[in-house]
1. Being hydroxyl-bearing (Ser, Thr, Tyr) and open to solvent by 80 Å² or more (accessible area, probe 1.4 Å) is the filter here, so list the residues in the stretch 1-55 that pass it.
2. For the stretch 31-49, enumerate the residues that are aliphatic (A, V, I, L, M) and under 30 Å from the mean Cα position of the chain (by Cα).
3. How about the stretch 56-78: which of its residues are outside any strand (DSSP E or B) and open to solvent by 40 Å² or more (accessible area, probe 1.4 Å)?
4. Here are some conditions: (1) at pLDDT below 95; (2) buried (at least 18 other Cβ atoms within 10 Å of the Cβ). Residue 126 meets all but one. Which one does it not meet?
5. Report, ordered by the first and then the second residue, all pairs with beta carbons closer than 6 Å, sequence separation of six or more or different chains, a first member in the stretch 22-48 that is among the charged types (D, E, K, R), and a second member that is not in a strand (DSSP E or B).
Amino acid sequence: MAYTINNLKDNPNVVIKQEIGGFAVIEYKEDLSSTTLAEAQSNFFMSKSNMRSKQLMIELNNNEVTLNSGAMQYMVGNIEMTSGVQGVGGLVRNLISSKVTGTSAVKPVYRGNGTILTETTYKYIWLIDVDNDEIVMEDGIFLACENSLKLSVVARKTLSSAALGGEGLFNLSARGRGVLAVEVAIPTEEAVVVELQNDVLKVDGDFAIMWSHSLDFSVEKSGKTRLGSAMSGEGLVNVYRGTGMVWLAPQTKYSNSIFHSPPTS
């Protein structure tokens, strides 16, 4: 059996934004399907403002990947899909996980040989090469990963601090070695990655997209005293302490706007 996908990678309107292993991020330069003047104007301004449609393409070579539920648009080749749920106990655990991490309860597993394309999105798809590490993700950004990575739910070490800091009490993590794909609201060009070596990062707001599980998270006063915190205008800050990495979205104007629309006036 053999197949050829024409007018995809060889399409002059397509750019490969990032590629790691069998994962590739496809971006369409323009939406060429305008049928009215209003659509043409909208597509023109969207393209000029870097608002372009994207897809994740995964090439399977006798291996397995996990996708978020509903992410697959089409697949070609000898690929078998399973629910990724092992028995009733596994379903219950997945249902609990979906409630606390903002991800789907059933994450289908695809195995075999072939090509998978995900649904198009105007958000930005990042590929992270996880190298014998554990990455914790903000709620709802998981898109796909190689099955060499183990997905699990991790709890904040200090639940009261998590609640005060505006972060979730529980998060999804990917542990091991493999490619992780996430879907966020900013391009990688705007992301700031802070590498800590037994040091401290303090963030005023929930602008952390991902971070190493090895880091200790807490919420602390920005000043040494209550008066100092009040006078600085910052109050409480999220603190990441130890050795590891934190991915920040400082260009995100509204707190938690990765998942929520800004307020309207």
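1. Once the filter is applied, which keeps residues that are hydroxyl-bearing (Ser, Thr, Tyr) and open to solvent by 80 Å² or more (accessible area, probe 1.4 Å), the stretch 1-55 yields 3, 4, 35.
2. If the condition is that a residue be aliphatic (A, V, I, L, M) and under 30 Å from the mean Cα position of the chain (by Cα), then 32, 46 are the ones that fit.
3. Here is the first cut: in the stretch 56-78, the residues outside any strand (DSSP E or B) are 68-71.
69, 70 - these are the residues of the stretch 56-78 that are outside any strand (DSSP E or B) and open to solvent by 40 Å² or more (accessible area, probe 1.4 Å).
4. (1)
5. 27/52; 29/13; 30/47; 31/43
The values are calculated or read from the model by the stated rules, or taken from the named source; none is laboratory data. No experiment lies behind these values; they were computed from the predicted model shown. Reconstructed Cβ throughout: ideal geometry from the backbone, glycine too, with neighbour counts over all protein chains shown. All accessible areas refer to the heavy atoms of the entire protein, side chains included, with ligands and DNA or RNA removed. Shrake-Rupley method; radii C 1.70, N 1.55, O 1.52, S 1.80 Å.
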